[in-house]
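Below is one structure; the comments refer to it alone.
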Amino acid sequence: MKILKKVKLVNHPTIEHQLAIMRDKQTNSTLFRSCLKCLSYFIAYEASKHLETRNVSVETPLQKTIAKKNRDKVILIPILRAGLGMEEAFKEMLPFARIGHIGLFRQPRTKQPVKYYEKYPLTTKGGVVFLLDPMLASGHSAALALNLIKKQKPKSIKFCCIVSCPEGIEYVQKHHPDVEIYTAAIDKCLNKDCYIVPGLGDAGDRIFGTK
Ligand code: URA
């Protein structure tokens, strides 16, 4: 498999530790959500490294100084519903961000994603978009979400996930070679039901305790 240069595998011992907890089928929803939030801070840190800054004048308790603040228009777009599990950490790391949402469901027979909701902040035009979904599986949902977002004419889009697999990375890179992918793990493969193996199961169900 060709993994092109736009994939950033974010690694750190803490990431490995939290991911091990998330993969464990015995982990309950509360702990699963807290590990997902922790991993999302790491991904947000890496994915936002290249945001542009502007100089500002501030007065500390001691003297005036020049400091830097964010200059880019930043938009977070979680894909409903599992992407919501990453939203809080990204909001804390990037408090100036506006938030959009894309709702997709997987058609059970064809396994293809279908859009049921989309809403974007006006700043999406010309902005830096962070598209959030913990799992990059077949890549079809990500590619559809990227198609929808591109109609809003953002400056750039970064796809942020936690677990990915070669099939999904290849699909997204084929259809959206301009999009950077940030992931905490690249797993072995996709199974016939489009689950990542070894993966962590259905992220939405595990976040919300729906199974
Ligand atoms: N979505 C999930 O939640 N898990 C997978 O393994 C694949 C898609």
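The values are calculated or read from the model by the stated rules, or taken from the named source; none is laboratory data. Quick caveat, the model's predicted, so the values are computed rather than measured. Virtual Cβ from ideal backbone geometry, glycine too; neighbours counted across all protein chains shown.
For the stretch 113-145, give me each residue that is in contact with a His (Cβ under 6 Å, 6 or more places away or on another chain) and either buried (at least 18 other Cβ atoms within 10 Å of the Cβ) or modelled with pLDDT under 95 (or both). Within the stretch 113-145, PRO113, ALA143 meet the criteria.
Output yes when any residue across the stretch 30-52 is under 20 Å from TYR195 (Cα atoms), of a type outside the set (A, V, I, L, M), part of a loop (DSSP other than H, G, I, E, B) and touching a residue at least 24 places away in the same chain (Cβ under 8 Å), and no when none is. No, the stretch 30-52 contains no residue that is under 20 Å from TYR195 (Cα atoms), of a type outside the set (A, V, I, L, M), part of a loop (DSSP other than H, G, I, E, B) and touching a residue at least 24 places away in the same chain (Cβ under 8 Å). As a summary of the residue check, LYS211 satisfies the conditions (1) within 16 Å of the ligand (Cβ to nearest atom); (2) buried (at least 23 other Cβ atoms within 10 Å of the Cβ); (3) not in a helix (DSSP H, G or I) except for the one numbered (2). Among the residues that make up the stretch 126-135, is at least one of them of a type outside the set (S, T, N, Q), within 14 Å of the ligand (Cβ to nearest atom) and not in a strand (DSSP E or B)? Yes.
Within the stretch 80-99, is even one residue farther than 29 Å from SER156 by Cα, in a strand (DSSP E or B), in contact with a strand residue (DSSP E or B) (Cβ under 8 Å, 6 or more places away or on another chain) and at pLDDT 95 or above? Scanning the stretch 80-99 turns up no residue that is farther than 29 Å from SER156 by Cα, in a strand (DSSP E or B), in contact with a strand residue (DSSP E or B) (Cβ under 8 Å, 6 or more places away or on another chain) and at pLDDT 95 or above. Among the residues of the stretch 184-206, some residue qualifies, meaning at least one is away from the ligand (no atom under 11 Å from the Cβ), crowded, with 20+ Cβ neighbours inside 10 Å and at pLDDT 95 or above.
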